[in-house]
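> Here's a structure for you.
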Amino acid sequence: MTMNAELTQQMALLAEGIAKLTQHTPFVKTAIPGLTVFRISETSEPLSGLYEPSVCLIAQGEKQVQLNEETFMYDTEHYLFSGLHLPVFARVVNATEDKPYLGLKLTFDYQEITQLMLENQIPAPQTKQSNRGMQTGKLTSQMISAFQRMIDLNSEEEAHIPTLAPMIRREIFYRLLVAEQGETLRNLASLGTPSNQMTKAITWLKANLFDNIRVETLADLANMSVSTFHHHFRNITAMTPLQYMKALRLQEARRMMLTEHLDSATAAFNVGYESPSQFGREYKRMFGNSPIKDVEQLRERFAVS
């Protein structure tokens, strides 16, 4: 069996496993911590979202992710790695009712990645440069096999999960660390690197998102000058700190209006805007419609009451 034929067969089995888990609902947080599976039966318009530190894999279909002005495509031959919380627009490119998009996401935290590097003596990168925090990489048979075992574990007795799931997680992230794109993950997880300093600053930023945050404060947290901080922040996130904060605030305001039924003025105030008119302008610039029209369309699309 050729490698391509082997990968195709592996992906078909993985698709079967995900289809089984999602036969009653299109979005399932599995019993395995951090593992979510998806089924989408039609192509979609670009939808805003916040990607967590995670690895994403598609067993059937194709997806496009827009990070500011940069586009990432991934499919059954490539995984997507997001090393930080990154605001994106994403759309399913290839899906039908008969052949739906089937995918999974496995989240992680840097403590487990750093521990894995130490235990396996995986060296930290020598470079002092920061790489883009989102990457695509080529899937291998070994990676797919590990994900298959994780999907299969959902069909076993739940008592097995606490023992077996962590071992499979370690294998998956070990393979990511030593893969072609592994330098980005090693950079982010290695203490003292500019990329790791960015993760600390962004974690603090998210925790204090609705406060009046100064870039100088973020630079101090990263132990950098403001200009150096700007340089590394943009390298990793593809946007400036202010663009990043604005995107996160607008996404959170959108969520509040959609799921908590807040009016636009209240949502704007809750996420740190003092001017409703400024909020309206920036919201329309990002989402293409006024807050009221946008939320109405979203409710119609997803039947959210």
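> Could you identify the single residue in P100, P53, P33, P87 that is buried (at least 18 other Cβ atoms within 10 Å of the Cβ) and closer than 27 Å to T163 by Cβ?
None of the others qualify; the one that does is P53.
> Could you check the stretch 267-305 and list, in sequence order, the residues that are aliphatic (A, V, I, L, M), surrounded by 14 or more Cβ atoms within 10 Å (Cβ to Cβ), touching an Asp or Glu at 6+ places or on another chain (Cβ under 9 Å) and in a helix (DSSP H, G or I)?
A267, A268, listed by residue number.
> So is N212 surrounded by fewer than 21 Cβ atoms within 10 Å (Cβ to Cβ), at pLDDT 90 or above and more than 17 Å from the chain's Cα centre (by Cα) or not?
Considered against the rule, which asks whether it is surrounded by fewer than 21 Cβ atoms within 10 Å (Cβ to Cβ), at pLDDT 90 or above and more than 17 Å from the chain's Cα centre (by Cα), N212 comes out as yes.
> Hey, K200 hits all of (1) closer than 20 Å to S48 by Cα; (2) surrounded by fewer than 17 Cβ atoms within 10 Å (Cβ to Cβ) but one; which does it fall short on?
All conditions are met except number (1).
> Taking the stretch 191-209 as the region of interest, how many residues are more than 25 Å from A253 (Cα to Cα) and at pLDDT 95 or above?
Within the stretch 191-209, residues that are more than 25 Å from A253 (Cα to Cα) and at pLDDT 95 or above number 0.
> Before we move on, is A146 buried (at least 18 other Cβ atoms within 10 Å of the Cβ) and in contact (Cβ under 8 Å) with a residue 40 or more places away in the chain?
Against the criterion (buried (at least 18 other Cβ atoms within 10 Å of the Cβ) and in contact (Cβ under 8 Å) with a residue 40 or more places away in the chain), A146 does not qualify.
> If I filter the stretch 100-111 down to residues being outside any strand (DSSP E or B) and modelled with pLDDT of 95 or more, which single residue comes out as farthest from the chain's Cα centre (by Cα)?
The selected residue is P100.
> A further question on this structure: State yes or no: is T76 without any contact (Cβ under 8 Å) to a residue 12 or more places away in the chain and outside the structural domain of L258 (by TED's automatic domain parsing)?
In short, no.
> Filter the stretch 213-260 down to the residues that are among the acidic types (D, E), in a helix (DSSP H, G or I) and within 23 Å of R281 (Cα to Cα) and list them by number.
Hit for the stretch 213-260 is E252, nothing else.
> For the stretch 8-29, check the following and say yes or no: at least one residue is without any contact (Cβ under 8 Å) to a residue 60 or more places away in the chain, within 26 Å of L153 (Cα to Cα) and crowded, with 18+ Cβ neighbours inside 10 Å.
Checking the stretch 8-29: at least one residue is without any contact (Cβ under 8 Å) to a residue 60 or more places away in the chain, within 26 Å of L153 (Cα to Cα) and crowded, with 18+ Cβ neighbours inside 10 Å.
Yes/no per residue for (1) within 23 Å of M73 (Cβ to Cβ); (2) within 18 Å of the chain's Cα centre (by Cα); (3) at pLDDT below 95; (4) of a type in the set (S, T, N, Q):
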site	(1), (2), (3), (4)
N154	no, no, yes, yes
A159	no, no, yes, no
A165	no, no, no, no
Y174	no, no, no, no
A189	no, yes, yes, no
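> If you take just the strands (runs of 3 or more DSSP E) that sit entirely in the stretch 1-99, which of them hold at least 2 residues that are touching a helix residue (DSSP H, G or I) at 6+ places or on another chain (Cβ under 8 Å) and of a type in the set (F, W, Y)?
It comes to 78-82.
> So which residues in the stretch 149-168 are touching a residue at least 24 places away in the same chain (Cβ under 8 Å) and of a type in the set (K, R), if there are any at all?
none
> Test each condition in (1) on the phi > 0 side of the Ramachandran plot; (2) not assigned by TED's automatic domain parsing to the domain that holds G288 for H261 and report the one that comes out false.
Just one mismatch for H261, condition (2).
> Would you point out which residue out of S82, S44 is crowded, with 18+ Cβ neighbours inside 10 Å and closer than 25 Å to A238 by Cβ?
After applying the criteria, what remains is S82.
> State all residues of the stretch 241-266 that are surrounded by 20 or more Cβ atoms within 10 Å (Cβ to Cβ) and touching a Lys or Arg at 6+ places or on another chain (Cβ under 8 Å); if no residue qualifies, say none.
The answer is L248, and nothing else.
> Take the stretch 86-134 and flag every residue that is under 20 Å from S195 (Cβ atoms), without any contact (Cβ under 8 Å) to a residue 60 or more places away in the chain and touching a strand residue (DSSP E or B) at 6+ places or on another chain (Cβ under 8 Å).
If the condition is that a residue be under 20 Å from S195 (Cβ atoms), without any contact (Cβ under 8 Å) to a residue 60 or more places away in the chain and touching a strand residue (DSSP E or B) at 6+ places or on another chain (Cβ under 8 Å), then V88 is the only one that fits.
The values are calculated or read from the model by the stated rules, or taken from the named source; none is laboratory data. The shown structure was predicted, so the numbers you read here are calculated from the model rather than taken from an experiment. Neighbour counts run over all protein chains shown; Cβ positions are idealised from the backbone, glycine included.
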